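Enquirer: Supplied in structure tokens, the structure appears directly below.
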Amino acid sequence: MHISHIIHSKRIVLYAVTLSMGILAMASVNSRAENNPAPNKIARLHWLEGTWRGTLGENTFEATYTSPEGGQILSISKELLPDGSAFVEFERFSMVDSFVVMTPYPGGKESVPFTMTALGDEDQQARFSNPDHDFPNDIIYTAFGRDSLHIEVTGLDDNGRRQGFTVKLKRVR
């Protein structure tokens, strides 16, 4: 056999071995991902999905939450003000490292993130906290059955007293 054929044959074997190792490595990674018992924490917030309406003080308040598909929940809320205008806020629920993080965008401007610090046993309540934020420090979403959602917004005032408000919403769709 000629030397160039031997070198060519060794290259083919080397390529085949390298390709096989790559395929095995990818299969191993996919197998670990499929067998990972850690629950998708975003998916556990599925009960937020839908359009909700209620009041905030004297104002009408409406919020819509997307499904958790794709590993994110996006929301938009609108508070109708007495002068006929609306205050709008967006929220993004996403995974950061192994934590669920909700980032609000009041008036369309990014604010500080709030990390999910508690998820109720029945997955019907989720607490998001940021103790370093001026106000609020906690935002708690609680579902009561399928058709009622309360959003409690609380924090400490300048004197260290807890203050806040609760928005009580009913499912529209």
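Enquirer: Quote the relative contact order of region 26-169 in percent (integer), defining contacts as alpha-carbon pairs under 8 Å separated by 6+ residues.
Expert: On the way: 298 pairs, mean separation 20.8, N = 144.
After rounding, I find 14 percent.
Enquirer: Can you check what the net charge comes to around Val112, using other residues whose Cβ is under 12 Å from the Cβ of Val112 (Lys, Arg +1; Asp, Glu -1)?
Expert: Working: positive: Lys109; negative: Glu110, Asp132, Asp134.
That sum, taken over residues with Cβ under 12 Å, equals -2.
Enquirer: While we're on this one: Below 12 angstrom from the Cβ of Gly155, what's the summed charge of the other residues (Lys, Arg +1; Asp, Glu -1)?
Expert: Numbers: positive: Arg161, Arg162; negative: Asp132, Asp134, Asp138, Glu152, Asp157, Asp158.
Local net charge: -4.
Enquirer: Using +1 at the C-beta of Lys and Arg and -1 at the C-beta of Asp and Glu, which of Pro104, Gly155, Gly57 has the Cα lying farthest in the positive direction of the dipole of region 43-171?
Expert: Farthest along the dipole direction, towards plus: Gly57.
Enquirer: Quick one: which residues, 5+ away or cross-chain, put their amide H under 5 Å from the amide H of Ser148? H built at 1.01 Å from N.
Expert: It is Arg171, by chain and number.
Enquirer: Taking the Cβ of Ser75 as the centre, find all other residues whose Cβ is under 10 Å away and add up their charges (Lys, Arg: +1; Asp, Glu: -1). Provide the component values of the computation, followed by the final result.
Expert: Numbers: positive: Arg92; negative: Glu49, Glu89, Glu91.
Once positives and negatives cancel, what remains is -2.
Enquirer: A follow-up question, please. How far apart, in nm, are the 7 Å Cα→Cβ label points at Glu58 and Leu119?
Expert: Inter-label distance under the simple model: 4.1 nm.
Enquirer: Same structure, new question: Between Arg171 and Thr142, 0.36 nm times their residue separation minus their Cα-Cα distance comes to what? Intermediate values should be presented prior to the final figure.
Expert: Values: separation 29, 0.36 × 29 = 10.44 nm, distance 1.29 nm.
Length difference between fully extended and current span is 9.1 nm.
Enquirer: Report, ordered by chain and residue number, the aspartates and glutamates lying within cross-link reach of Lys168, taken as a straight Cα distance under 16 Å and ignoring same-chain residues fewer than 8 apart.
Expert: Lys168 reaches Glu49, Glu58, Glu62, Glu79, Asp147, Glu152.
Enquirer: Magnitude of the Cβ-charge dipole of region 43-171, K/R +1 and D/E -1, about the Cα centre, nearest 20 debye?
Expert: Details: 12 positive and 20 negative charges, 62 e Å.
With only Lys, Arg, Asp and Glu charged at Cβ, the dipole is about 300 debye.
Enquirer: Using the beta-carbon distance between Ser67 and Asn159 and R0 = 45 Å, what value does 1/(1 + (r/R0)^6) give for FRET efficiency, to the nearest 0.05?
Expert: Values: r = 42 Å, r/R0 = 0.92.
E between Ser67 and Asn159, to the nearest 0.05, is 0.60.
Enquirer: At 0.36 nm per residue, minus the direct Cα-Cα distance, what do Met95 and Glu110 gain on full extension? Give it in nm, one decimal, please.
Expert: Result: 3.7 nm gained on full extension.
Rule-based calculations on the coordinates, nothing more; no lab input. In this text, all values refer to a predicted model and were calculated from it rather than measured experimentally. Cβ: placed from backbone, ideal geometry, glycine included. Neighbour counts: every protein chain shown.
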